[in-house]
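The values are calculated or read from the model by the stated rules, or taken from the named source; none is laboratory data. Since the model is a prediction, treat every value here as computed from it, not as a measurement. Please note: Cβ atoms are built from the backbone with ideal geometry, for glycine as well, and neighbour counts cover all protein chains shown.
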């Protein structure tokens, strides 16, 4: 009987240790789910006044983008279609260069019925003008500087968008 009790105690002890070992065994560590490091997004170079002075089409693009997004002159929304592009006509009015901005780079003379939005550029001063429809010849005028335009576009991270715009921009210079 003593042998049976010892045998039974030994078996129970062995089963108990096995169960305890099975329960507390050191399993392989669970795979950690780490977030992959996202590659840094490429940010477009910031626009500079020097670059705008050297590239007139980029200057026109920057001024159009600023007018559409920041002047809050409703008529500038007419040229907000970035897919259609723009046509900029340069002519002289009262001795100053005037840059008329038409929506759609392929617009024909027959389609130019309403007076366009335009801007003048004198040194670093920019003046936007828009004819007020259904008025007695009133114009909405908005003044700013090229420095402010560049600062605002860079703050909005719009440099990449502005750099793509000259591809869809046609310039017709009537002063030559």
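All of 92, 161, 105 fail the test of being in contact (Cβ under 8 Å) with a residue 40 or more places away in the chain, loosely packed, with under 14 Cβ neighbours inside 10 Å and over 18 Å from residue 49 (Cβ atoms), apart from 92. Tell me, which residue of the range 128-155 that is touching a strand residue (DSSP E or B) at 6+ places or on another chain (Cβ under 7 Å) and either modelled with pLDDT under 85 or farther than 11 Å from residue 71 by Cβ (or both) is surrounded by the most Cβ atoms within 10 Å (Cβ to Cβ)? Taking the candidates together, the pick is 146. Counted as qualifying within the range 1-120 are the helices (runs of 4 or more DSSP H) with 2 or more residues that are modelled with pLDDT of 95 or more, namely 49-54, 56-70.
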